[in-house]
Structure formats: C-alpha cells, structure tokens
Amino acid sequence: MAKPKKYKFVDDDMAHLTSMVRDGLSYNYFSTLSDRIHVGMQEWADYLHISERTIQRYKKEGKVFDPVSSEKIILVELLYKKGVDVFEIEDNFYTWMDTKSIALGGVKPKDMLDTSFGITMVYDELGRIEHGIFA
C-alpha cells in the first residue's frame, strides 16, 4: 500500500503566488489545505466573509475562488507555514493558535484571521516568538 503524500505548503515565490491569486484557487486546493491545517468550513466562512453554502457551491459547481478570497486563503496558508516553522512541532503551533494571547489583546490567534490586519498581527507575533521576544 502506498504511503500518503505529505502536504507541502506553497512556496513564497511572490510572482507565482500573484498568478495563483489572479487565476483563483480551486476547491480541491482549498480542501487539501483545509485538511492539512485543520481549519473547518465554518472557520473558513468566517475568514472569507462568505457562507458555508457558498463554499459548498464552489465544490459542487467546480468554481474557483475569486481573487480576494484566494489571496486570503494564501495568506492564511503562509501564516500556518510560518507557524509550523517557528514551533517546529505542529501540534504546539495548533495549540498556540487556539489559546488566548496576551500579546494579541487576549484573543486567540485563529480568531484574528478574518482580516488582513489580524493576519499581519499574528504573523508579526510569530516573528517575535521566533526571535525570543515575548510581550
């Protein structure tokens, strides 16, 4: 029996990412990422400001996500990639994402992913953790 292929996060090549966003992400890409980073459909609906039903319609109709949603999905993926790199043990990163953070105003990092500003704040906090700067 073949061993399942390990998911590889997207590369940081900005030209490639820009092209991916402009073309729109497929539901298959989105679904594979969702499984990989353990983010459920309701969370994605909240992050993307669309309904779960709309996400299911993308699946059913084979539609791609629009550039705005595609960009948010990629930003979240890059954030998770950074987090896994910083924490080294994925479960530790997932626990951190689900724990209220004093540095982030007492909010769980995963609850801040619905805006670009929130994503940036979480990404910046990961950078501080990476460099041993704790607030």
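Computed over the chain, the per-residue total of -39500 (n - 2.57) for DSSP H runs of n ≥ 4 gives a 222 nm mean residue ellipticity of -19000 deg cm²/dmol, rounded to 500.
According to the square roots a ≥ b ≥ c of the eigenvalues of the Cα gyration tensor, what is the shape class of region 14-130, taking rounded for a/c under 1.5, prolate for a/b larger than b/c otherwise, and oblate for the remainder? The shape class here is prolate.
Spacing of the modelled spin labels on Thr54 and Arg22, each 7 Å from Cα toward Cβ, amounts to 2.4 nm. Ordering of 100-113, 68-81 by packing is 68-81, 100-113, highest average first (other Cβ atoms within 10 Å, averaged per residue).
Computed from label points 7 Å out along Cα-Cβ, the spacing between Asp12 and Phe117 is 2.6 nm.
Modelled label positions at Asp124 and Glu88, each set 7 Å beyond Cα in the direction of Cβ, lie 2.7 nm from each other. Could you tell me the distance between the Cα centroids of region 81-135 and region 19-74, to the nearest Å? Using only Cα atoms to place each centre, the spacing works out to 22 Å.
Rule-based calculations on the coordinates, nothing more; no lab input. The structure presented is a predicted model; accordingly, all values stated were derived computationally and were not measured. Don't worry about glycine lacking a Cβ; one is built from the backbone with ideal geometry, like all the others, and counts go over all protein chains shown.
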